[in-house]
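Values in this text are rule-based calculations from the coordinates and carry no lab data. What you see is a predicted model; the values in this text were computed from it and never measured. All Cβ positions, glycine included, derive from the backbone under ideal geometry; neighbour counts span all protein chains shown.
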Amino acid sequence: EDPHDGAGLTVQESKPKLKQPPRYKVLLLNDDFTPMEFVVHVLEAIFGMSREKATQIMLHVHTRGVGVCGVFTRDIAETKVAQVKDHAHANQHPLMCTMEEA
Ligand code: TYC
């Protein structure tokens, strides 16, 4: 479709843009110091996981180094990352959490 008219002016196309908001993976990182039980507690409290699911994700991160806690819009992902860091640091654990576009 020609975006220019005869006078060389750009014509605004009227195609509706119904883009979904970008989604972000919240990633949990392994370390050698945070107790396994604390990580399970964080996954239950902040991500609403069952004990079984939280234990599965914790063990995945423990063995593989990193794991996905969930996929969220940017604001929710940022809030989850901040909650994990605040809770970890308030308890003197080095547990780290980050996010990346899915
Ligand atoms: N590696 C830790 C330990 O052996 C447990 C752990 C699991 C820490 C997952 C962080 O994201 C993590 N105590």
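Would it be correct to say that Thr73 is touching a residue at least 24 places away in the same chain (Cβ under 8 Å), under 22 Å from Pro22 (Cβ atoms) and hydroxyl-bearing (Ser, Thr, Tyr)? In short, yes.
Restricting attention to the range 62-75, the residues being more than 15 Å from Glu100 (Cβ to Cβ) and either touching a Phe, Trp or Tyr at 6+ places or on another chain (Cβ under 6 Å) or within 13 Å of the ligand (Cβ to nearest atom) (or both) number 3.
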